[in-house]
Protein chains: 4
Amino acid sequence: MKTPVTAVLLISCADQTGLVATVSDFLYRNGGNIIHADQHTDHEEGVFLQRVEWDIAGFAVDRAGMHEAFRPIAERFGMTWSLQFSDETPRMAIFVSKMHHCLYDLLARWRLGELQCDIPLIISNHQDAEPIAADFGIEFHHLPVTAATKDDQEAHMVRLLDGAGVDVVVLARYMQVLSDGFVTRYPNRIINIHHSFLPAFAGAKPYHQAHERGVKIIGATGHYATQELDQGPIIEQGVAPVSHRDSVDDLIRKGRDLEKVVLARAVDLHLRHRVLVYGNKTVVFD
Amino acid sequence: MKTPVTAVLLISCADQTGLVATVSDFLYRNGGNIIHADQHTDHEEGVFLQRVEWDIAGFAVDRAGMHEAFRPIAERFGMTWSLQFSDETPRMAIFVSKMHHCLYDLLARWRLGELQCDIPLIISNHQDAEPIAADFGIEFHHLPVTAATKDDQEAHMVRLLDGAGVDVVVLARYMQVLSDGFVTRYPNRIINIHHSFLPAFAGAKPYHQAHERGVKIIGATGHYATQELDQGPIIEQGVAPVSHRDSVDDLIRKGRDLEKVVLARAVDLHLRHRVLVYGNKTVVFD
Amino acid sequence: MKTPVTAVLLISCADQTGLVATVSDFLYRNGGNIIHADQHTDHEEGVFLQRVEWDIAGFAVDRAGMHEAFRPIAERFGMTWSLQFSDETPRMAIFVSKMHHCLYDLLARWRLGELQCDIPLIISNHQDAEPIAADFGIEFHHLPVTAATKDDQEAHMVRLLDGAGVDVVVLARYMQVLSDGFVTRYPNRIINIHHSFLPAFAGAKPYHQAHERGVKIIGATGHYATQELDQGPIIEQGVAPVSHRDSVDDLIRKGRDLEKVVLARAVDLHLRHRVLVYGNKTVVFD
Amino acid sequence: MKTPVTAVLLISCADQTGLVATVSDFLYRNGGNIIHADQHTDHEEGVFLQRVEWDIAGFAVDRAGMHEAFRPIAERFGMTWSLQFSDETPRMAIFVSKMHHCLYDLLARWRLGELQCDIPLIISNHQDAEPIAADFGIEFHHLPVTAATKDDQEAHMVRLLDGAGVDVVVLARYMQVLSDGFVTRYPNRIINIHHSFLPAFAGAKPYHQAHERGVKIIGATGHYATQELDQGPIIEQGVAPVSHRDSVDDLIRKGRDLEKVVLARAVDLHLRHRVLVYGNKTVVFD
């Protein structure tokens, strides 16, 4: 069976009466066959968020006219919104440093068809990932970064990303801090994996910190990068039990499995348009 | 702040266009302030299920007229449905045998206001739980069961349950098998805790079975009782890691914590009208 | 079958050769039937820790002489050590404030024989737990604390604890900060439950902090109280998944189950002499 | 720092006094610097199992003589035992069918140095994995199996495995049932991943079975293959929560992450000589 092409509408706006009724009426009137619908109201913040996905086959409004058809509703309710189609493949760049387990995991998933995206380029501050990129037939750029070269290299990155039409950047254990200017250029479009259960152990060497503190559980956090390091909206977290028997090296070893799975889940949720950010939080329509 | 009185509408019917639009239009037209709304479509089975909860204050239809107001919609779509109000306190009976940890846990939760229900009676095939019932001021009935007395005792139970206006029966480690006649009298209204990760280790002595098999994880399952033992719709499951170091007694000890938490969650979900059964499965609107 | 009386030897000392050989030779020579033995070497810190438990029936040295018999070995290796017998029931006091779920859970476990201890007294800064204490037949002391009365009330607590021969104090959601003087009087003998996954969300209102941060997992931590608030050695941690659908109240509700289970596990491990503290960490011989 | 070469002694025998004392005395007398030591007694079965690992540098008995030096102890206690050295790299073959996620994961871990083994060959009943094998520079054999060719193909496999000096076979989602003759040839040396939480959903299509049953948690099991399908000793299990929102395809997708992690952990534990089988169970010295 061929997977149908679907439209995905993501909405956020001030909570007000008639939202659900109006959107569902829009779909009903036009003969929309709903595949997935979920909504969330944050009563404290007074925010309404919704995701609706429907089969575009048989929908009364054709693809080209769909934005225009929905715009009046969006304007009436003051919505922030996006409308995307499931056959538009997002383009993803991967940044990596010397630890390659997340890189390998993402590339294998991509080749096996688990991640719906194109991967036009891999950027690293080290040379070593080049053969991996080559195995997967992906363009590789070695952009080492020092305090002196950081501005230039980031400008280079921007040219590469924009040149390749990249929609989302994944920091797959990329150990350089990106500048505010870089981060704000791609709002909610840079996904980072932090190797701790945030907000515990933000910053450097979280497994060493965890070992020092003697915790009984370790974690990993997939989040959007913002100007404040390790403070961005959390998409996904995972944990694993540890004990006094685990050395720092054991934590690092066990943590790698968490990092891979948590980052891949966060990326997959983003690529399937299942994440909405509001304030410093996410709604994940899973 | 006083918690508002809400109406909870639970719907299941054949999937068809216009369902969400019609229900949300009904609420919108009458000024319904939606507190919670969730729906699920099983595309394989062609089943639609929905839960909507709204504040009755300010709703254009008053409480007395609400069933009548919704009935035409329900009939048009051929819905199985219920409408309940959050200030109607369900009445719950607890059945227990010689293991009292789930009983104690439910009673403590009830006294601390965690479970929204009345508990008019406790029934046991043993005498020992009587002092616990007395501590909590609950009527206790000792109804020992043998093959010869089973029919009479179940008839006695039915009289007690019906006399007390019981809505839901919780089997809190009740070790007697109830007859088909008894079980079918209370469809989706008897909640059992089975001390394994069903369908693994159905039947007797699941911790012994688990130990014998050498599993690395044990579980507990909260489910509705049906005529087929341990086969009813699953509401909630929980698991915990174990190792070769754990004897059968250790599994029993660790399992008690699972049983308490899993049963209490299943009961709480049921009491808050968050569970819908279709076929042999549940939808849990959490 | 009667449970045998066992001796439990807990050892910590600088790592050095011959430790395991000497201790196991001591047991072997005296005909010790080992029930449980586990050891841990922290190679970085150069610390050796061991727990050995054996049946005292048939042991060549009688109970009265066992300390003396082992002392030469302990002195030779410079051990910190303790020797306890499984039929010596530790005496436990519970401190509680207005949230009673952990209190109820501990008391139910105690009555059902899950916790091997006596509970001579319950202390609270509020009156409301008194009927619960009465139900379980335990002495209750209402000791409200203000800045002005804190010193006197703590002195009162010390008199009560010492008068009752209390071995371990459990802070079952006791919301007062104890003074340094009080805490240092009972080193590694005060167990606290903190309602977050430490070190995340130390301090006040952790569920509010967690909701504000938008985490996808919440936790609870059982630890020994030290002078630095929420910084003591961690005994046990637990976590549970949450989502954007969970309000602060939902986190509090879900968190209660974590707190109960994690605190009870920490207490049980302590009572069975399965925890050794070194530096600011624990070794848990489970 | 260079990792030291260690000796790993694995022992199982009937429980009897003097075991720990004798083994630790052997190590102590010879100046053994113990890196890891753990033991387990199954009191019901009367079985003792031990793992000891020590630095061979400075040990009084040299590597060549170590087996001879320990043999008298082994014979005295009737031990089943093995002695291995950490610089002997086990040789592992991977069997795979059409699902390649576990294969990719194992190969990436191997290339990144996470798995201490050589991988001389990959065998598949399909052609498609050949390019993956080529990327990693590993010999690939396409051995399609039908009822008519099974005996011959298995004979071919045996020649390949024995020719390559393979120590352990990993079934990384290999969907053919191996004959009894093949399985018994490699006792406790064939590791399979089953995509369910065994013993639930043994046999074919476990995710379909799980969906049909409406479970709230799915799992994966890494175990040694034995003549009885899906009944062998369990090494490792993992689980993940699911809900009514998950279709069979979602279960398959979520399950892949479990399968990868659980299989890799089982393989890693085996390669580091941390698993001992007795009866139909394992002791995992982690």
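All of the numbers you see were taken from the coordinates with simple rules; none came from a lab. Quantities reported herein were computed from a predicted structural model and do not represent experimental measurements. Virtual Cβ from ideal backbone geometry, glycine too; neighbours counted across all protein chains shown.
For the rotation taking chain B to chain C, which residue of B has the Cβ nearest the axis, and how many Å away is it?
Residue plus distance in Å, as requested: B:ASP135, 2.
Please give the average number of partner chain Cβ atoms lying within 10 Å of the Cβ of each residue in A:278-286, rounded to a whole number.
4
Tell me the net charge near C:ARG189. Cut-off is 14 Å between Cβ atoms, C:ARG189 excluded, with +1 for each Lys or Arg and -1 for each Asp or Glu.
0
What is the Cα centroid distance between segment A:191-205 and segment C:1-63, reported in whole angstrom?
40 Å
Placing the label point 7 Å from Cα along the Cα-to-Cβ direction, what are the distances from D:ASP128 to the equivalent spots in the other copies, shortest first, in nm to one decimal?
Ordered by distance, the counterparts are at 3.3, 5.7, 6.0 nm.
Would you order D:SER243, D:SER86 from fewest to most other beta-carbon atoms within 10 Å of each residue's own beta-carbon?
In increasing order of surrounding Cβ atoms, one gets D:SER243, D:SER86.
Using the 10 angstrom Cβ neighbour count as an exposure proxy, how do D:MET92, B:MET79, D:MET66 rank, fewest first?
Least to most surrounded, the residues fall as D:MET66, B:MET79, D:MET92.
Hey, got the average number of other protein chain Cβ atoms within 10 angstrom for residues in B:211-221?
6
Counting only C-alpha contacts under 8 Å and six or more residues apart, can you give the relative contact order of chain A as a whole percent?
Taking the mean separation of contacting Cα pairs over the length of chain A, I get 15 percent.
Whole angstrom only: what separates the Cα centroid of segment D:268-286 from the Cα centroid of segment D:85-137?
Here the answer is 21 Å between Cα centres.
Under a 10 Å cutoff between Cα atoms, tell me which one of A:GLY255, A:GLY113, A:GLY32 has the largest fluctuation in the Gaussian network model of chain A.
In the Gaussian network model the winner is A:GLY113.
Please state the charge dipole magnitude for segment D:1-114, taken about the Cα centre, from unit charges on C-beta atoms (+1 on K and R, -1 on D and E), reported in debye and rounded to the nearest 20.
Dipole magnitude for segment D:1-114 comes out near 480 debye.
Have a look at D:ILE119, D:ILE132, D:ILE191 and tell me which one the Gaussian network model of chain D (Cα, springs below 10 Å) gives the largest fluctuation.
Result: D:ILE132 has the largest fluctuation of those listed.
What average number of partner chain Cβ atoms lie no more than 10 Å from the Cβ of the residues making up C:257-265?
On the way: counts 10, 1, 0, 5, 5, 2, 0, 2, 2.
Mean shielding count: 3.
What is the dipole size for chain A, taken about its Cα centre, with +1 at each Lys and Arg Cβ and -1 at each Asp and Glu Cβ, in debye to the nearest 20?
That gives a dipole near 420 debye.
Can you list, shortest first and in nm, the gaps between the label point of A:GLY78 and those of its counterparts in the other copies, using a point 7 Å from Cα in the C-beta direction?
Spacings between copies for this position, smallest first, are 4.4, 7.1, 8.4 nm.
If each label sits 7 angstrom from Cα along the C-beta direction, how far apart, in nm, is C:ALA147 from its counterparts in the other copies?
Here C:ALA147 shows inter-copy label distances of 4.5, 7.5, 8.8 nm.
Just for the protein assembly as shown, what percent of DSSP beta bridges are antiparallel, to the closest 5?
70 percent
How big is the gap, in Å, between the Cα center of segment D:148-177 and the Cα center of segment C:217-264?
A separation of 49 Å, based on Cα centres.
Just want to confirm a number: the relative contact order over segment A:6-85, from Cα pairs under 8 angstrom separated by 6+ residues, in percent.
Normalised by residue count, the contact order of segment A:6-85 is 47 percent.
For chain B, what does -39500 (n - 2.57) per DSSP helix run (n ≥ 4), summed and divided by total residues, give at 222 nm, in deg cm²/dmol to the nearest 500?
Details: 8 runs with 92 residues, N = 286.
Calculated mean residue ellipticity at 222 nm is -10000 deg cm²/dmol.
What order do you get for B:273-279, C:259-265 when each peptide is scored by the mean count of other beta carbon atoms within 10 Å, highest first?
With the highest mean Cβ count within 10 Å placed first, the list reads C:259-265, B:273-279.
Beyond a 21 Å Cα-Cα separation, which of these cross-linked pairs lie in this structure: C:LYS216/D:LYS205; A:LYS205/C:LYS281; B:LYS98/C:LYS254; A:LYS260/D:LYS281; A:LYS216/D:LYS260?
C:LYS216/D:LYS205; B:LYS98/C:LYS254; A:LYS260/D:LYS281; A:LYS216/D:LYS260
Counting other C-beta atoms within 10 Å, which of A:ILE138, A:ILE235 has the fewest, and how do the rest follow?
Neighbour counts put them in this order, fewest first: A:ILE138, A:ILE235.
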